[in-house]
Each structure stands twice: as C-alpha cells, then as structure tokens.
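*Asks:* Quick one: the structure is below, questions incoming.
The values are calculated or read from the model by the stated rules, or taken from the named source; none is laboratory data. Please read these numbers as outputs of a predicted model, since none were measured by experiment. In this analysis, Cβ positions are derived from the backbone assuming ideal geometry, glycine residues included, and neighbour counts consider all displayed protein chains.
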Amino acid sequence: MRITDHPVLEFEHGPKVQFTFEGKTYEGYEGEPIAAALHAAGVKKLREHDGRPRGLFCAIGNCSSCLMEVNGVTNVRVCIEPLKADMVVRLQTGHGRLEF
C-alpha cells in the first residue's frame, strides 16, 4: 500500500517507528505524515462525521477529513502531522471532545 518507486519523485524515509492506532500497534517511518503510515497499513477510515466515515481528501491540511485524536489532542490534521515513535492515534467522531 506504499509507493516505493516513482519515475519523478524520490522517497527518503526516517527510521521505522512503532505507534498505536485504536489499541493496535503499527509501524511507519518517522517524519512521514501519520495518514501515510495508516494508509500503508491498510487503514482508510480516519474519522467519522454524521455517521459517515471520512478518509484522506486533500492531503495538504486544508480540509477536515483527516482530523484525529493524537496523544490525547483532538482535531489533529494527520495528513500533515509528522509521525513520531510511540504516538497514540485514535479515531475521532464528530467535532472531537474538549477536556479541561
């Protein structure tokens, strides 16, 4: 599910790191967008809004289709948020939740 060879683009990767998504451990490359690591692992549903699943749409941080909870913070645009080791990523429903 990951593009590894392209006639024009070159892909440089950081080291492989582990992260969790919905309680399951996955691997991705440090520094790549979280959404790219999830997509490479076969995860297409990034959030749910009005009972409908949402996935990648613009992939450049302009829309809200990829808002997820990352390390307890809601409304993170995972299409542009770099992956780091041991991140905890969760699906977000609706507008997320606010905690004070």
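*Asks:* Among the residues of the range 66-100, how many are farther than 17 Å from residue 53 by Cβ, in a loop (DSSP other than H, G, I, E, B) and either of a type outside the set (D, E, K, R) or at pLDDT 90 or above (or both)?
*Replies:* The total comes to 11.
*Asks:* Across the range 1-56, which residue is nearest to residue 91 (Cα to Cα) among those that are hydroxyl-bearing (Ser, Thr, Tyr) and buried (at least 18 other Cβ atoms within 10 Å of the Cβ)?
*Replies:* Checked the range 1-56; the qualifying residue nearest to residue 91 (Cα to Cα) is 26.
*Asks:* Still on this structure: For residue 11, are the conditions met, namely being over 11 Å from the mean Cα position of the chain (by Cα) and of a type in the set (A, V, I, L, M, F, W, C)?
*Replies:* Taking the combined requirement at face value, the residue satisfies it.
*Asks:* For the range 23-65, which residues satisfy the criterion of being within 15 Å of residue 86 (Cβ to Cβ), over 11 Å from the mean Cα position of the chain (by Cα) and outside any strand (DSSP E or B)?
*Replies:* Residues satisfying the conditions are 23, 30, 31.
*Asks:* Then there is this: Somewhere in the range 85-93, is a residue on the phi < 0 side of the Ramachandran plot and out of contact with any strand residue (DSSP E or B) (no Cβ under 8 Å at 6 or more places or on another chain)?
*Replies:* no
*Asks:* Taking the condition of being farther than 18 Å from residue 59 by Cβ and in contact (Cβ under 8 Å) with a residue 40 or more places away in the chain, how many residues in the range 22-49 meet it?
*Replies:* 3
*Asks:* Take the conditions among the charged types (D, E, K, R) and not in a loop (DSSP other than H, G, I, E, B) and apply them to residue 10. Does it pass?
*Replies:* no
*Asks:* If you don't mind, another one. Under 8 Å by Cβ, and 6 or more places apart or on different chains, what pairs join a residue from the range 52-73 that is among the charged types (D, E, K, R) with one that is loosely packed, with under 14 Cβ neighbours inside 10 Å and not in a strand (DSSP E or B)?
*Replies:* Partner pairs satisfying both residue conditions: 54/45.
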